[in-house]
Amino acid sequence: MSFSSRRRNYLLTPHRRDGLIECMKSMLMHSFVLDALDTTGADTFSHFEMLIDEHRRMTNQLFEDIHFSSSNNIQMSISSSSSQPIPNMIVPSRLKRLVPEVGTFYTRLPLKKAFEAYNAKYGITKRRYICISFNEIRHILNLAQIIAMIHPYSSVGGGALVSGVNDMSIAPRPTVLPDRNGEATKKKNTEPRTERESARDRAALEAWASMGDTPREEDGDNDSGEEKSNKGQQRQPPNSSPCPPLNRRDRSDSCAIEESLSLLPMQTTLPGPKLICFDGDQTLYSDGANFENSPKLSKYLYLLLKHGVTIAVVTAAGYEYQAEKYELRLSGLLAYFKERGLEGEDLERFYIFGGECNYLLRLGNDYKLHAVREDGPGGWVVSTKFFAESPGNWSDADITSILDRAEACFQSSVKDQNLRARIIRKKRSVGLIPKVDEMIRREALDETVLRIQTELDEAKVTLPFCAFNGGRDAWVDVGNKRVGVQVLQSYLGIPAEETLHIGDQFLNTGNDFAARSVCPCVWITSPEETTYILKSILRLAGVPLMALMNTPLAATGENGGSESAEGGDEEVGKKIVDFEEADRRSSRVMMDVY
């Protein structure tokens with residue numbers, strides 16, 4: 001993990017903590033101290049599962065009362081209201097009382113099942129000296145979210161994946177989804193699952209357990225105020241897998257598990273999320289770097305596109321509609337798509353949203369990014385004007401006002417904290433970046449971000465904005481990822497519960513934080529974890545393990561001969577990146593990550 005990532009995710013102060021995870025950790029600590037985690041750990045997660053069900057039922061009812069009010073008989077779009085924080089409940093849920101900042105849950109979370117699967121794999125309840133950590137709870141929540149989206153279970157009878165919550169189970173209400181014309185359509189409730197589907201669920205979890213270990217990260221639970229050093233630690237080469245290779249016995253076991261999973265044809269729609277949004281830096285590629293040679297991550301993204309999933313990179317990088325700069329940041333991935341012969345509708349399901357929600361581009365048949373029309377029939381700005389926070393409703397005066405206030409705060413922060421930094425002003429963003437060969441301390445970045453958040457909140461600005469700590473810099477964007485994800489949901493006609501956002505900045509000084517209010521999210525800390533999450537999604541969806549290990553090029557080789565699974569990824573890694581194309585783009589664009 002990079003130094004900037006550790007600084008961004010280091011949980012030392014209250015503004016760098018997640019309320020829900022901290023609450024779960026504190027309750028599990030009691031069981032650990034009493035040496036009862038082995039017997040009560042699953043029950044604790046089951047209790048939180050019940051609290052989340054109760055919270056969902058109460059918030060859903062609250063939104064129904066707001067959206068379908070009989071007094072005005074006006075059906076409001078869920079897209080516009082869900083962008084706002086949950087209104088104060090007359091009678092708060094028990095979870096809301098425990099964690100006042102808790103937000104919206106778009107799916108049920110099978111926490112007990114996820115904990116049991118994670119514990120069976122890593123044996124965390126057998127530890128005697130080290131309690132369950134923040135990051136382990138984060139991994140369990142991630143796994144529960146993936147299971148819930150890929151293997152949805154009915155609330156009738158406890159569902160296929162979760163039992164023991166029948167008294168608190170809720171029937172999911174029909175989702176009102178605005179299409180690009182602003183008209184609402186309803187999505188039917190989940191049907192009860194059959195015994196065969198339940199067996200597939202169990203087999204899918206066994207398949208997940210057969211995967212390699214979760215990529216290691218430096219835990220943020222240390223209470224020491226000192227930064228951890230990289231010295232003495234072994235670092236993996238950039239092309240290596242985040243998971244240790246399976247030995248021969250593991251592979252035979254995995255193949256046996258595959259016999260109980262249906263093999264999905266390449267064009268079959270994948271069960272699970274229909275839209276997956278990604279952060280850029282520290283999620284798809286290292287902070288400040290480009291997506292160059294990452295064959296495993298490229299392969300999983302390719303498989304998702306081939307199985308009908310829409311992929312969108314929602315990034316703070318704001319180069320307006322200068323497609324060459326975005327292409328350079330994603331050069332290795334685009335080269336992989338070209339090498340694999342991805343074409344037609346599969347290519348057109350790949351989007352990039354620059355400036356968080358300001359510049360929408362789509363991949364074309366020439367493997368280059370092209371701006372999506374803003375105005376006119378089918379324009380993304382025009383077709384999403386129906387919800388209040390859409391970029392189509394912003395005025396130039398309001399945009400200038402936000403940027404002026406933010407720039408003044410940056411200047412004040414540089415002066416007060418003696419920062420060796422410079423300020424960059426763009427069309428819809430302003431940033432504070434270090435001077436050459438200098439570094440801004442994380443405390444100074446957090447102080448600057450919190451100053452700006454307070455200043456803009458007190459000024460009661462009317463437009464959405466995002467002030468965030470980027471790890472080595474700080475930025476203020478007009479708009480945020482909540483708006484970006486909402487625009488994509490509306491423009492593509494995909495409901496919130498079928499959308500998944502994957503990012504690394506879900507603390508309140510990060511720019512992924514806002515996406516929590518409009519879709520389910522997965523919290524990662526590195527591109528290696530992103531790779532592992534995508535592999536988990538594909539495995540739980542029934543994609544064969546060997547399909548994830550091999551590719552057509554790796555299977556045939558240059559001379560038509562077969563190659564072993566062990567050597568497949570290495571061979572792919574040698575063929576994926578077109579360095580001449582990368583050099584050509586570098587010569588055309590004098591690249592500055594800012």
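The values are calculated or read from the model by the stated rules, or taken from the named source; none is laboratory data. What you see is a predicted model, and the numbers here were worked out from it, not measured in a lab. In this analysis, Cβ positions are derived from the backbone assuming ideal geometry, glycine residues included, and neighbour counts consider all displayed protein chains. Only protein heavy atoms, including side chains, enter the accessible area calculation; ligands, DNA and RNA are left aside. Shrake-Rupley method; radii C 1.70, N 1.55, O 1.52, S 1.80 Å.
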All positions within the stretch 373-400 that are touching a strand residue (DSSP E or B) at 6+ places or on another chain (Cβ under 6 Å) and farther than 18 Å from LEU492 by Cβ: ILE399
Selection within the stretch 515-530 - under 12 Å from the mean Cα position of the chain (by Cα) and part of a helix (DSSP H, G or I): ALA515, ARG516, PRO527, GLU529, THR530
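Applying the selection to the stretch 508-521, what residues are of a type in the set (A, V, I, L, M, F, W, C) and open to solvent by less than 10 Å² (accessible area, probe 1.4 Å)?
Answer for the stretch 508-521, where residues must be of a type in the set (A, V, I, L, M, F, W, C) and open to solvent by less than 10 Å² (accessible area, probe 1.4 Å): ALA515, VAL518, CYS519.
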Some residue of the stretch 393-400 being part of a helix (DSSP H, G or I) and either of a type in the set (A, V, I, L, M) or buried (at least 17 other Cβ atoms within 10 Å of the Cβ) (or both): yes
Filtered residues of the stretch 374-391 (kept if surrounded by fewer than 17 Cβ atoms within 10 Å (Cβ to Cβ) and either among the small types (Gly, Ala, Ser) or out of contact with any helix residue (DSSP H, G or I) (no Cβ under 7 Å at 6 or more places or on another chain) (or both)): GLY376, PRO377, GLY378, ALA388
Inter-residue pairs, beta-carbon under 7 Å, first without any contact (Cβ under 8 Å) to a residue 24 or more places away in the chain and in the stretch 23-42, second of a type in the set (Gly, Ala, Ser), 6+ apart: SER31/GLY41; THR40/SER31
Given (1) modelled with pLDDT of 95 or more; (2) open to solvent by 50 Å² or more (accessible area, probe 1.4 Å), index of the condition LEU361 fails: (2)
Some residue of the stretch 102-115 being at pLDDT below 90, more than 14 Å from PHE32 (Cα to Cα), open to solvent by 10 Å² or more (accessible area, probe 1.4 Å) and among the hydroxyl-bearing types (Ser, Thr, Tyr): yes
Sole residue being touching an Asp or Glu at 6+ places or on another chain (Cβ under 8 Å), open to solvent by less than 40 Å² (accessible area, probe 1.4 Å) and either assigned to a helix (DSSP H, G or I) or modelled with pLDDT of 75 or more (or both), chosen from LEU95, LEU51: LEU95
Every residue from the stretch 441-489 that is part of a strand (DSSP E or B) and touching a strand residue (DSSP E or B) at 6+ places or on another chain (Cβ under 7 Å): PHE465, CYS466, ALA467, PHE468, ALA474, TRP475, VAL476, ASP477, VAL478
Conditions (1) farther than 25 Å from THR448 by Cα; (2) in contact (Cβ under 8 Å) with a residue 12 or more places away in the chain; (3) of a type in the set (Val, Ile, Thr); number of the one not met by VAL381: (2)
Criterion violated by ASP346 - all others in (1) open to solvent by less than 10 Å² (accessible area, probe 1.4 Å); (2) part of a helix (DSSP H, G or I) satisfied: (1)
Members of the stretch 367-386 that are part of a loop (DSSP other than H, G, I, E, B) and either at pLDDT 95 or above or over 9 Å from VAL487 (Cβ atoms) (or both): TYR367, LYS368, VAL372, ARG373, GLU374, ASP375, GLY376, PRO377, GLY378, GLY379, LYS385, PHE386
Meets criteria (more than 24 Å from ARG56 (Cβ to Cβ), touching a helix residue (DSSP H, G or I) at 6+ places or on another chain (Cβ under 6 Å) and crowded, with 24+ Cβ neighbours inside 10 Å) for ALA467: yes
Qualifying residues in the stretch 142-156 (those that are in a helix (DSSP H, G or I) and surrounded by fewer than 22 Cβ atoms within 10 Å (Cβ to Cβ)) - the one modelled with the lowest pLDDT: VAL156
Near pairs, Cβ below 6 angstrom, 6+ apart or cross-chain, from the stretch 432-446 (closer than 12 Å to LEU419 by Cβ and modelled with pLDDT of 90 or more) to any residue that is surrounded by 12 or more Cβ atoms within 10 Å (Cβ to Cβ) and among the β-branched types (Val, Ile, Thr): LEU432/ILE423; PRO434/ILE440
Residue in the stretch 471-506 that is nearest to the chain's Cα centre (by Cα), counting only those that are closer than 19 Å to THR448 by Cα and open to solvent by less than 10 Å² (accessible area, probe 1.4 Å): PHE506
Residues within the stretch 293-318 that are open to solvent by 10 Å² or more (accessible area, probe 1.4 Å) and either closer than 22 Å to LYS481 by Cα or touching a strand residue (DSSP E or B) at 6+ places or on another chain (Cβ under 7 Å) (or both), tallied: 4
Residues that are under 19 Å from the mean Cα position of the chain (by Cα) and within 24 Å of TYR491 (Cα to Cα), drawn from the stretch 319-337: LEU330
